[in-house]
Each structure stands twice: as structure tokens, then as C-alpha cells.
1. Testing residue 6 on (1) part of a helix (DSSP H, G or I); (2) surrounded by fewer than 10 Cβ atoms within 10 Å (Cβ to Cβ); (3) modelled with pLDDT of 85 or more, one condition comes back false. Which one is that?
2. Using the structure shown, decide if residue 59 is hydrophobic (A, V, I, L, M, F, W, C), closer than 30 Å to residue 126 by Cα and modelled with pLDDT under 90.
3. With the range 229-276 as the region, which strands (runs of 3 or more DSSP E) entirely inside it contain at least 2 residues that are buried (at least 20 other Cβ atoms within 10 Å of the Cβ)?
4. Tally the residues that are touching a helix residue (DSSP H, G or I) at 6+ places or on another chain (Cβ under 6 Å), closer than 20 Å to residue 198 by Cα and in a loop (DSSP other than H, G, I, E, B), restricting the search to the range 340-375.
5. Tell me which of these residue 369 doesn't satisfy, since it passes every other one: (1) surrounded by 16 or more Cβ atoms within 10 Å (Cβ to Cβ); (2) more than 24 Å from residue 152 (Cβ to Cβ).
6. Take residue 46 and tell me if it is part of a strand (DSSP E or B), in contact with a strand residue (DSSP E or B) (Cβ under 9 Å, 6 or more places away or on another chain), at pLDDT 85 or above and loosely packed, with under 12 Cβ neighbours inside 10 Å.
7. For the subset of the range 314-330 comprising residues that are farther than 12 Å from residue 403 by Cα and not in a helix (DSSP H, G or I), which member is modelled with the highest pLDDT?
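The values are calculated or read from the model by the stated rules, or taken from the named source; none is laboratory data. Small disclaimer: the values here were computed from a predicted structure and weren't measured. Virtual Cβ from ideal backbone geometry, glycine too; neighbours counted across all protein chains shown.
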Amino acid sequence: MRLPAVLVLVANAVLAVAQSQPVTQPAADTPVPVRLTPEAALALAEKKVPAAYPEKARASGIQGNVVLKVLIAETGEVKEITVISGDPELAQAAIEAIKQWKYTPYIVEGKPTLVDTQVTFGFHIKPPPPPPPLGRFHDGLYQNEFFGISYPLSAEWVRETSLMRKQLASEAGASSSTQVLLAALHVPPQSEGLVADSSLTLMAAPQLGDARDYLAAVATALIAKKMAKTRGEITPLTVAGLTVYRADFKPSGRSQYQSVLCATVKGYMLRWNVLAVSESALDEVVASVLATNKLDPLIAASTPAKSPASSDGPLSEPHHVPSGVTMGLLFKKVEPRYPEVARQERIQGTVILHAVIDKSGNVIDLEAVSGPVELVPPTVNAVRQWKYKPYQVQGEPIEVDSTIEVKYTLGG
């Protein structure tokens, strides 16, 4: 059978073009990824960053799994990410997390090679755990038997735990699961400038992951928001058999130094936040925290079983006396000085203190209950010098507690 002349010409032309073009072959050195099961690849992961649950998704009740296809480079870095399934908002959170993962290079015939695998992130809304016990402060000692913590505070430390709890509640709302266990300011007697030179806040929250990873995330967030710069690496410390991680920061635009310490105990993450006006003052407070906190997981584990929300038990307290009665006993009153910086920033209000007065009429303990935090140090410095007539019951002087209010108004 003979083809028409036109078809013969077309066929010959196509053949000529084909013969003139070289056939493209895959390059011999093009790497082909090795496919690993998710379990096998997970065993190679040397750095895993958990995905942060988007608050908007959590509030909307969105949950489920996100499956990612991941291409791991020869160096162990994540090279390519493809979403296979999952809610878009959750998937974005998973992508941000997997970008930070690091793997041990996979070796084939003595050489590192590309790896193709899948990673699944689970986003599941769990019912909030009961709040941890708040502990108690008595005779200059904070104790929390549930966590096995004991921390003494000298008279130079002024507690502001209630104030910090109110502040946290107003900022985070009722949904916050973080509890302020202890907050205090170190106000040296007659300190120059009427300011605190350091502060300490101890908080507890349900454990959200590894303490070291948490601190790394805190550092990343502070740097990204240009709120602080890191000082050195995250340092693991051992206290009574428990690992405590420390990270140091220099807050931007502030003449302060900061340390954050984290440890996980009984399903909760304990976090100490220390601020100070100098590196030496910072190290002194951190050393005091590590030396005096009884962070013993064996003691904490042996605590009698009870609800975390339960009280640590009753303690004998000073006899409470109404403020009107104690003011009638006051015979030496030192007026606080209005800080000039507070005046310039037009800060005013009432500082309310809870005071313990001993049998001789001396103020031996103070706690800031409410009021502008900038006005607490000068108030404390003044009230420390107040002197009362002893309060007596059946002719015998006793220790009492009462409330003190000091008002600051710009109009004088």
C-alpha cells in the first residue's frame, strides 16, 4: 500500500527533525529521594518543634489532623512542604512548625541523600485541667506542697501576688489557664529613687511541651517582635534532681535584665520570670531562686493525693483588725513621696496594701493588693516606717493584720 505523496513528505520531515534532535535522558547525578515511612523518618528527627494551636481555630472549635508531605535535604533541613490534608488554618500552623524541624542526614552507600516522607500534626481540643494549687505564704515563707516548692522572702521583698493575678486576668481573660503562684518586688529600705531593683514572678500552667522548646519559642517571639535580645544560650541546670532551663534576655529600650527559668513538675510547667536593674542583681535573684526553692520531684510525687485545686491547708493567721482601728493606733506616719516620673506620666490612683503588724507595733510584712504598680515602691518605703501602738487583747499585745490605703492625686 502506497501513502499519498503529501503524507510521505510530512513523515519524512518529522523523521528528519527527530533524527536531528538529541534524545533527552535523565541526568545520571540527579538525586532521587528515598521514601521513608513516617515512623522511620520521625526516628531521625533531632529537633522537633510542636505546632502552636491557632487561638482563632481553637475558639471556633476547629480541630483534626494535618498531613504534610515533606522533602528532607541531604543536610537534614526541611526543603519542601506540601499539604496533603487538613484545615487550612491548622495547616499553616503545622507548616510554621515543620520548617523548624531538623533531621539527622539519611545515609545511603556512605552518602547523605534526599528523603521523602509524611508528617502528621494533631490538633485536638482537650478540656482544661483543674487549676494548680496556689500555695500559701506564712511567716516569711512561701510554700506549695503540691509542687514541692519552698521559698523564703525577707522583709525587703514586697509581695504583689494578688495584684499580678488581677492583671493577668484582665489581660488574658477568664480563658487563661496560667496561675500566678507568687509575685514579689525587692524594694531596698530607703532605696534611692523609690524604685524596686528586682522582681520575681512564679507562674504555673498546664504542660504544653518540653521546657527547653518552650524557652526557645519565647526567645524567637521576643526577637521577632523586637521586644528583647537574647544573652547567651539556653542553659540546663540541675536542682534537687530536677532539670531547670534558664534563658537570659535584655529587654529593648529598658534598663533591665531578664531571666526566664522553666521546669516541668507533675504535668505543669513552672516558669520563673526575674527582672533586675543590673546583671549582678539578676544573678543574685536567680541564685537565690535555685538555692532556696526546694524543687524535689520525689517530694512532689509523694504528696498525698488530692485535687490540684484544693487548698494546702489552714494556717494560724494574725488577728484581722479593720483599717479604721489600726489607723487610730498609728502614732508615727511617714508620707510617701510622689515619684516625679509618675507625675510626668500622669499616673495616679490608690495603692492598697495588706500589712502585718507585730506585737510591738512594727510593720513586718506588706503585700500590694491593688493600685498602679509604679506607685507601689514609694508607698512601701513610707509605710515600712510607720509605727503603731500595740493592739491588745485581754491586756496582751498580739500580732494583727490590716489594710492600708494611700492615695496619689495629681492635684495634690
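1. The one condition residue 6 does not meet is (3).
2. On the way: hydrophobic (A, V, I, L, M, F, W, C): yes; closer than 30 Å to residue 126 by Cα: yes; modelled with pLDDT under 90: yes.
Criteria met by residue 59.
3. Working: elements: 235-239, 242-251, 257-265, 268-276.
Once the strands (runs of 3 or more DSSP E) in the range 229-276 are filtered for at least 2 residues that are buried (at least 20 other Cβ atoms within 10 Å of the Cβ), what remains is 242-251, 257-265, 268-276.
4. Selection size over the range 340-375: 0.
5. Evaluating residue 369 over (1) surrounded by 16 or more Cβ atoms within 10 Å (Cβ to Cβ); (2) more than 24 Å from residue 152 (Cβ to Cβ) leaves (2) as the failure.
6. Working: part of a strand (DSSP E or B): yes; in contact with a strand residue (DSSP E or B) (Cβ under 9 Å, 6 or more places away or on another chain): yes; at pLDDT 85 or above: yes; loosely packed, with under 12 Cβ neighbours inside 10 Å: yes.
It is true that residue 46 is part of a strand (DSSP E or B), in contact with a strand residue (DSSP E or B) (Cβ under 9 Å, 6 or more places away or on another chain), at pLDDT 85 or above and loosely packed, with under 12 Cβ neighbours inside 10 Å.
7. Taking the range 314-330 and keeping what is farther than 12 Å from residue 403 by Cα, we get 314-319, 328-330.
Then keep just the ones that are not in a helix (DSSP H, G or I); that gives 314-319, 330.
On the way: 314: 48, 315: 52, 316: 60, 317: 73, 318: 82, 319: 89, 330: 93.
The extreme case among them is 330.
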